[in-house]
Amino acid sequence: KQWYQRRLAITAGGTGFYDGKEFVLTLTGTAFKDKFKVLGRYGFGMSNLMKEATRMTKNFKRIYCLQSNKVAFKSTAELLKSTSPDFLKNAGTTMRETLKTMKVSDLIQNELVSAILHTNYNQGLEVNGFVGFMTVAGGLVGSLWRVDGGNFLLPQHVLEESGAELVKSIVRSIIPSDDKEGYNVTYSSSGDTEEFETEEFDAVVLATPLHNADIELPDGVDVAGNTKSFQRTLATFVNGVLAPVVPGEKNPADIVTVTSEDKLHFTSISFLGSADKDSNYKVLSKEPLTDDQMKKLFSKVNEVKVVDLKAYPKYSVPDTLPDFELAPGLYYVNAIESAASALEMLCIGSKNVALLVYQNLENVENIDSDTVCQHKDLRKAKKEL
């Protein structure tokens, strides 16, 4: 718990929802005022959305109980279905279709829900309903947390506490050992990409997306079936002066985009703080910003740094739901990202794979998920975990 710090959803300076022409909604971070603003624009149509997000959040807690009872799943689809049958169903329909079925208005879909999806995944209402509602639940229902100091501290602390040996190298191949009871892993020696050595392991866990792993895997591993495309996201860090996004109006600290008929060239703009020279901003986009676009956004630019990465899976319908077990003794943590990409989800995926490894090496039979974790057990399990 000491690694975490609560993150406020609305920063000082407010958040503006931008449609390409104006701010259709501006939230200040003051709960009382913001509730009236949301109610005034969207009316009581928010109730269905909030009820469903709350229900999904409660159902999701079942995974903590299942894992505390050492229940493991060999596939993402199996994990979703066992946690709640609705989760797998939602993963098979788009967020827009799911919201229409619930009679959520187009206004709420195109503004509030779209803005949350744009901010979290740089994607829109075409994502599947499961990841859509998990994102909405985090933005509207649950408390948001961040790792104080950076996400990298979590695996760093886990490594320190586990006592495991860290070998920094490039893995070239993972193939079955001669006796077929383990795997031979070939990797570079001491970071030297020219010299490789091979070591045998009882089990191997992959903790990197398969789409760019570039590792030779055993014959029979369905790489294509366990791989999905990723969303390109560019983070453009700018030191300078942000021009008024809406002429004549003061910019809020954070700007998020909603569904718009206009082609918007950015997804969000965040104020990162004042600097010795002007201010620092982060602009998220799907494509590189052109010089003309930068000139329109900023009245003054001192320095620019662009980070181009495949940050999240593309969530589409029909979607790929990879397996945690690629082959007996060979496991894939990042399969969980196909359901939803978040630090908490990766922790759940890691725990699931750890349980699969335990069951495999100790020859322990898995527990039927239907025999444990009824509603009365959920709150207790969450606290214990």
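The values are calculated or read from the model by the stated rules, or taken from the named source; none is laboratory data. This structure is a prediction, so every number in the text was calculated from the model and none was measured. Cβ placement follows ideal geometry from the backbone for every residue including glycine, while neighbour counts extend to all protein chains displayed. The area values use the complete protein model at the heavy-atom level, side chains included, leaving out ligands, DNA and RNA. Shrake-Rupley method; radii C 1.70, N 1.55, O 1.52, S 1.80 Å.
Do any helices (runs of 4 or more DSSP H) entirely within the range 24-96 hold 2 or more residues that are modelled with pLDDT of 90 or more, of a type in the set (K, R) and in contact with a strand residue (DSSP E or B) (Cβ under 7 Å, 6 or more places away or on another chain), and if so, which?
In the range 24-96, 31-42 are the helices (runs of 4 or more DSSP H) which contain 2 or more residues that are modelled with pLDDT of 90 or more, of a type in the set (K, R) and in contact with a strand residue (DSSP E or B) (Cβ under 7 Å, 6 or more places away or on another chain).
Count, please, the residues in the range 210-252 that happen to be open to solvent by 30 Å² or more (accessible area, probe 1.4 Å) and either in a loop (DSSP other than H, G, I, E, B) or not hydrophobic (A, V, I, L, M, F, W, C) (or both).
Total meeting the criteria: 19.
Which residues, taken from the range 97-109, are open to solvent by less than 40 Å² (accessible area, probe 1.4 Å) and either at positive phi or assigned to a helix (DSSP H, G or I) (or both)?
Answer for the range 97-109, where residues must be open to solvent by less than 40 Å² (accessible area, probe 1.4 Å) and either at positive phi or assigned to a helix (DSSP H, G or I) (or both): T98, L99, I108, Q109.
For residues in the range 181-194 being hydroxyl-bearing (S, T, Y) and either in a strand (DSSP E or B) or in contact with a helix residue (DSSP H, G or I) (Cβ under 7 Å, 6 or more places away or on another chain) (or both), which is surrounded by the most Cβ atoms within 10 Å (Cβ to Cβ)?
Y183
Yes/no per residue for (1) more than 30 Å from N212 (Cβ to Cβ); (2) touching a strand residue (DSSP E or B) at 6+ places or on another chain (Cβ under 8 Å); (3) free of Cβ contacts under 8 Å to residues at least 12 places away in the same chain:
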| site | (1), (2), (3) |
| --- | --- |
| A311 | no, yes, no |
| V317 | no, yes, no |
| A339 | no, no, no |
| E362 | yes, no, yes |
| Q374 | yes, no, yes |
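What do you reckon, is K382 part of a helix (DSSP H, G or I), of a type outside the set (A, V, I, L, M), modelled with pLDDT under 90 and closer than 14 Å to L66 by Cβ?
Considered against the rule, which asks whether it is part of a helix (DSSP H, G or I), of a type outside the set (A, V, I, L, M), modelled with pLDDT under 90 and closer than 14 Å to L66 by Cβ, K382 comes out as yes.
Name the single residue that is farthest from S350 (Cα to Cα) among those in the range 195-209 being in contact (Cβ under 8 Å) with a residue 12 or more places away in the chain and not in a loop (DSSP other than H, G, I, E, B).
Step by step, filter the range 195-209, then rank; the result is F196.
Report every pair of residues separated by at least 6 positions or lying on different chains whose Cβ atoms are under 7 Å apart, first residue within the range 289-308 and over 17 Å from A235 (Cα atoms), second assigned to a strand (DSSP E or B).
Within 7 Å, the pairs are S299/V241; K300/G240; K300/V241.
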